[in-house]
Each structure stands twice: as structure tokens, then as C-alpha cells.
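Encoded as C-alpha cells, the structure appears first; notes follow it.
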Amino acid sequence: MTLTVRVISPDKTVWDAQADEVILPSTTGQLGILTGHAPLLTALDTGVMRVRTSKNSSWQAIALLGGFAEVEEDEVTILVNGAERGDNINLEEARAVYNEAQARLNQVSASAASEENRQAQIQATQAFKRARARFQAAGGLV
């Protein structure tokens, strides 16, 4: 038996295929899904989803930008704010964006505490999480 896995973003279906195993970046940690999994609804964090289409195949990585996943009767439906397959991401471009986001986060974190700085820190953290997910999905970080 296999899982039917669909990753749907507002503008397109990013993944729609059968899989043996899925690992999701839930808000409470990594969540593994195999066939026969109990029904589940979970919030997803910004991170990397991994899909293995068969026991002998390699893992496919997909960067997710937060959303929800539902598991029911060997169907995994993932509704996300944005998603991008790792094999469609340019590694060097993702590395550059990741390094810029990390530098910006470090800069903002070192600044004096204020309401404006708090907003800048939240934005820098979100940008860093997105950049890290894309870089990981592209194969840049393990």
C-alpha cells in the first residue's frame, strides 16, 4: 500500500503522487507518516517536507511555508501558504539568500530593544526560516 500525497499552494499543486513515506515539519516537530496512519490534522511550520516514493528511491524535498496537513485513509493533503520543490531551486541562489537572511537576523538581534526592533526581528526571523527551508530543500543544509 502507498499514500496519496498532495501539496497544494494558493496558485498551484506542487506535488500530487503516490509515496511510501512522508516527513512533515509540524509546529511541534518532525512528523513521519506511513500507510495506515491514524487520522490527523496538524499545523505545519516553515520547513522542509520529505517524500519517499518507493522503498528503494531517494527522498524528494519540498520547502513549505507554513500551512496545514490532513491525514485520513492513506491520503495526505497538505494546504500551504507557499511551496517549492527542492529540485526546482537553484542551490547557489538559495545559499546567497540564506546567508543574507542570516546576516540580517544577526544584525537585528544585536540592536537595542524597541517596538520597531521587535517588528524587524519578527520579519527577519520569518525571512530566515523561509531562506533556510529553501536552502535545505535544494540540498544545501543537512
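Return the percentage of antiparallel bridges among DSSP beta bridges fully within the chain, rounded to the nearest 5 %.
90
What percent does the relative contact order of segment 58-125 come to when contacts are Cα pairs within less than 8 Å and at least six residues apart?
Relative contact order here is 23 percent.
When the helix-only estimate is applied to the chain (DSSP H runs of n ≥ 4, each -39,500 (n - 2.57), divided by the residue count), what is the mean residue ellipticity at 222 nm, nearest 500 deg cm²/dmol?
So the helix-based figure for the chain works out to -10500 deg cm²/dmol.
Let me have the relative contact order for the chain, percent, based on Cα pairs under 8 Å that are six or more residues apart.
Once normalised by length, the contact order is 23 percent.
Arranged from highest to lowest average of other beta-carbon atoms within 10 Å per residue, in what order do the peptides 20-26, 9-15, 53-59 appear?
Top to bottom by mean Cβ count within 10 Å: 20-26, 9-15, 53-59.
So if R0 is 30 Å, what FRET efficiency would residue 106 and residue 68 give, r being the distance between their Cβ atoms, rounded to the nearest 0.05?
Working: r = 31 Å, r/R0 = 1.04.
Between residue 106 and residue 68 the formula returns 0.45.
Would you look at the GNM of the chain, springs on alpha carbons closer than 10 Å, and say which of 126, 18, 107 moves the most?
107
Among 106, 82, 14, whose Cα projects farthest towards the positive end of the dipole of the chain, with charges put on the beta-carbon of Lys, Arg (+1) and Asp, Glu (-1)?
Positive-most Cα among the choices belongs to 106.
Counting C-alpha atoms alone, how compact is segment 38-104: give Rg to one decimal and Dmax as a whole number, in angstrom.
Considering segment 38-104 through its Cα atoms, Rg and Dmax are 14.4, 44 Å.
Expected output is a single nm value to one decimal: the length gained when fully extending between residue 118 and residue 40, i.e. 0.36 nm times separation in residues minus the C-alpha distance. What is it? Spell out each step's value before the answer.
Values: separation 78, 0.36 × 78 = 28.08 nm, distance 3.44 nm.
Additional length available on full extension: 24.6 nm.
Name the most mobile residue of 94, 43, 17, meaning the one with the largest mean-square fluctuation, in a Gaussian network model of the chain with Cα contacts below 10 Å.
Sorting by GNM fluctuation, first place goes to 17.
Can you give me the long-range amide H partners of residue 31? Hydrogens built in the peptide plane at 1.01 Å from N, cutoff under 5 Å, separation of 5 or more residues or another chain.
Here 24, 26 satisfy the definition.
Values in this text are rule-based calculations from the coordinates and carry no lab data. All of these numbers come straight from a predicted model, not from anything done at the bench. A quick note on method: Cβ atoms are made from the backbone with ideal geometry, for glycine too, and the neighbour counts reach across all protein chains shown.
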